[in-house]
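Working notes for the structure below.
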C-alpha cells in the first residue's frame, strides 16, 4: 500500500542540488489501472497501482534492461524524466526551526473531504525541539500551538521528503512527496514552510496524468537557476 501526500514546490530550499538523488525515467503502458515502467539509476522495474489519491495498492516487479527497453517502446504518451532529491523530514523541520520569521504551522485537525477538495465518497536526522511551533511532536507528544494535547501519529525521523525536479517536457515543474505508514499519519501531516499547494486530492499532478497530458500546467513555476 502506498500512502502519500503531494505538494507543488515554487521555491525549493537553497542548496538542494547537494542532496542525494536518483535519476528517474518512466512511462506508462496503462493508466486505469496504472501500469508503469521505470528506470531508477541502474535498476529497472514495472509497477502496478490501483485507483486512488491519498492511498493506493502498489506492486513492483523487477525488469532486465532489455525487458525495460522493450516495454518502454510500447508506452503511451511521453517519457517523464526527473531527478528525485531526498531529504529527511526531520532535517527539514530542524532547518525551519532555525529560520527566522517562520509562523506557527498547526496540524490539519479539521481534515474533512470538503476542506481538502476531495469528493465526499470517497534516515538519521538531528533531534528536534518539540517546543518549536513549526516542528510537530513525535507520536505520543503534542505539537506546539495545538489544543487539547492532540498527538501527531508519525515520527519525522522515520520519514523522507522525495522532491522531484522534472526535466524535458516538464522542465521547471517541482513536486514533493512524503510517504506515510498510515492514512491517519498522512492526514495529520504538517508540511515544512517551503512546501506549496497541496495537490494530493486533485490528482492533477499524478505522473500518469502528466505523461498523457498535451498541455503544460499553467500554475507551475520555475525554480531559481542560481543558488547562493
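The values are calculated or read from the model by the stated rules, or taken from the named source; none is laboratory data. Since this is a predicted model, take the numbers as computed values, not measurements. Cβ placement follows ideal geometry from the backbone for every residue including glycine, while neighbour counts extend to all protein chains displayed.
Of the residues making up region 17-51, just one is part of a loop (DSSP other than H, G, I, E, B) and surrounded by 16 or more Cβ atoms within 10 Å (Cβ to Cβ), namely 19.
Restricted to region 89-98, and to residues there that are out of contact with any helix residue (DSSP H, G or I) (no Cβ under 7 Å at 6 or more places or on another chain) and surrounded by 13 or more Cβ atoms within 10 Å (Cβ to Cβ), the residue that is nearest to residue 176 (Cα to Cα) is 92. In this entry, residue 69 is excluded by the filter for residues that are exposed (fewer than 12 other Cβ atoms within 10 Å of the Cβ), over 15 Å from residue 163 (Cβ atoms) and at pLDDT 95 or above.
When region 122-162 is limited to residues that are touching a helix residue (DSSP H, G or I) at 6+ places or on another chain (Cβ under 7 Å) and modelled with pLDDT of 65 or more, the one that is nearest to residue 205 (Cα to Cα) turns out to be 161.
Note on region 77-86: among residues that are surrounded by 15 or more Cβ atoms within 10 Å (Cβ to Cβ) and touching a strand residue (DSSP E or B) at 6+ places or on another chain (Cβ under 7 Å), the one that is farthest from residue 5 (Cα to Cα) is 77. Of the listed requirements (1) in a loop (DSSP other than H, G, I, E, B); (2) at pLDDT 50 or above; (3) farther than 28 Å from residue 21 by Cβ, residue 109 misses just one: (2). Here residue 74 meets the list (1) modelled with pLDDT of 95 or more; (2) outside any helix (DSSP H, G or I); (3) surrounded by 13 or more Cβ atoms within 10 Å (Cβ to Cβ) almost entirely, failing just condition (3). Determine whether residue 85 is within 18 Å of the chain's Cα centre (by Cα) and part of a helix (DSSP H, G or I). No, not satisfied.
Restricting to region 9-32, name every residue that is more than 20 Å from residue 78 (Cβ to Cβ) and out of contact with any helix residue (DSSP H, G or I) (no Cβ under 9 Å at 6 or more places or on another chain).
9, 10, 11, 12, 14, 15, 16, 17, 18, 19, 20, 21
Applying the set (1) modelled with pLDDT of 95 or more; (2) more than 15 Å from residue 211 (Cα to Cα); (3) surrounded by 14 or more Cβ atoms within 10 Å (Cβ to Cβ) to residue 56 leaves exactly one unmet item: (1).
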